[in-house]
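The values are calculated or read from the model by the stated rules, or taken from the named source; none is laboratory data. Worth saying up front: this structure is predicted, and the values here are computed from it rather than measured. Using ideal geometry, Cβ is built from the backbone for each residue, glycine included, and neighbour counts are taken over all protein chains shown. These area figures cover heavy atoms from the full protein model, side chains too; ligands, DNA and RNA do not enter into them. Shrake-Rupley method; radii C 1.70, N 1.55, O 1.52, S 1.80 Å.
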Amino acid sequence: MSPPPAPKPLKSRLTDGDRLRGLLVRVPAPMLIDMAGTNGFDFIFLDTEHGIADQRDIAEHITAGRAAGLPTLVRIGEGETALALRVLDAGAEGVIVPHVRTATEASAAVRMAHYPPLGDRGFATYTAAGSWGKATAEEHAAKAAAATMVVAMIEDAEGVSNAGAIVQHPGIDVIFVGPSDLAAALGYDAARADEARLQVWAAAASEGRPVMAIVSTASQARTAWDQGAAMVVLNAQSAIDSCLADWAAGS
């Protein structure tokens with residue numbers, strides 16, 4: 001029996017100029033992933049940096065994404081090279097790496113996610129990513145090289161200063177400015193952080209590097225598209241808070 005056709009990789013869709021909509025999932029909640037697939041999302045942003053899921057939960061969420069036809073990008077914690085290996089082996093389509101401050105750290109992010117010669121990720125074909133051993137070494141290596149994504153999070157003042165070098169680094173596919181951490185790093189000044197975000201986005205645009213934005217309303221998503229975002233991620237918790245605030249204001 002042949003497996004169902006896999007969805008087109010996010011990396012290819014970005015190259016084609018598609019606008020991609022993702023759902024941020026922080027807690028062990030695989031049914032949210034199924035719901036996202038039913039409602040037309042394009043990918044799942046699985047947060048293991050601030051989420052409470054263990055490695056079994058993470059694998060189950062990635063499997064749920066594959067069943068729903070949704071590629072999964074996993075935000076790992078800072079320096080979690082071993083976790084990057086495991087989530088990619090489990091079938092995640094890429095990793096979101098927090099606190100990338102320099103070109104050297106961008107290089108480390110690429111190395112942990114890719115097989116040689118671009119990186120030094122440990123090689124195996126007997127994983128979910130290798131079709132449980134059905135893929136040859138050549139097939140698996142070629143697929144990983146073509147589809148694996150590295151999203152660099154810039155969320156520190158140093159990262160903003162070095163944005164030009166970070167966005168130029170080979171293997172960095174998408175830039176994502178972390179608004180909360182960046183605001184905290186800049187004295188909890190949201191306005192200053194937004195100015196820095198636009199500075200980073202301009203650097204990314206100059207190199208043709210796609211950017212990702214996190215939103216909690218449709219209006220914010222439209223603004224992000226207008227400003228040049230290629231990917232938007234819905235923060236479901238913030239969306240609920242926004243809805244409740246609107247209801248309270250209208251009651």
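Across the chain, C-alpha contacts under 8 Å between residues 6 or more apart give a mean separation that, scaled by the residue count, equals a relative contact order of 17 percent.
For the chain, what does the helix formula give at 222 nm: sum of -39500 (n - 2.57) over DSSP H segments with n ≥ 4, over the residue count, nearest 500 deg cm²/dmol? Could you put the intermediate results ahead of the total?
Working: 12 runs with 118 residues, N = 251.
One gets -13500 deg cm²/dmol as the mean residue ellipticity at 222 nm.
Between the range 170-222 and the range 114-154, what is the separation of their alpha carbon centroids in Å? That distance is 28 Å. Take every pair of alpha-carbon atoms less than 8 Å apart whose residues are at least six positions apart; their mean separation over the length of the range 92-179 yields a relative contact order of 39 percent.
At a 1.4 Å probe radius, which order do 104, 223 fall into by accessible area, largest first? Before the final figure, lay out each step's value.
Numbers: 104 105, 223 65 Å².
These residues rank, largest area first, as 104, 223.
In terms of overall dimensions, the range 127-251 has a Cα radius of gyration and Dmax of 18.2, 61 angstrom. The label point for residue 238 and the one for residue 104, both projected 7 Å from the Cα toward the Cβ, are 3.2 nm apart.
Treat the chain as a sphere of radius equal to its Kirkwood radius over Cα pairs and apply Stokes-Einstein at 20 °C in a medium of 1.002 mPa s; give the translational diffusion coefficient in µm²/s, rounded to a whole number.
Working: Rh = 18.4 Å.
Rounded, D is 116 µm²/s.
For the range 1-134, the relative contact order works out to 18 percent when only alpha carbon pairs closer than 8 Å and six or more residues apart are counted.
A 1.4 Å probe over all protein chains sorts 50, 140, 99 by accessible area into 50, 99, 140, starting with the largest. In order along the range 71-77, phi translates into HN-Hα couplings of x, 10, 10, 10, 7, 8, x Hz, rounded to whole numbers, per the Karplus curve 6.51 cos²θ - 1.76 cosθ + 1.60 with θ = phi - 60° and x for Gly and Pro.
Mind checking the full-extension length gain between residue 137 and residue 206? Use 0.36 nm per residue of separation minus the Cα-Cα distance, one decimal, nm.
Details: separation 69, 0.36 × 69 = 24.84 nm, distance 3.64 nm.
Full extension from residue 137 to residue 206 adds 21.2 nm.
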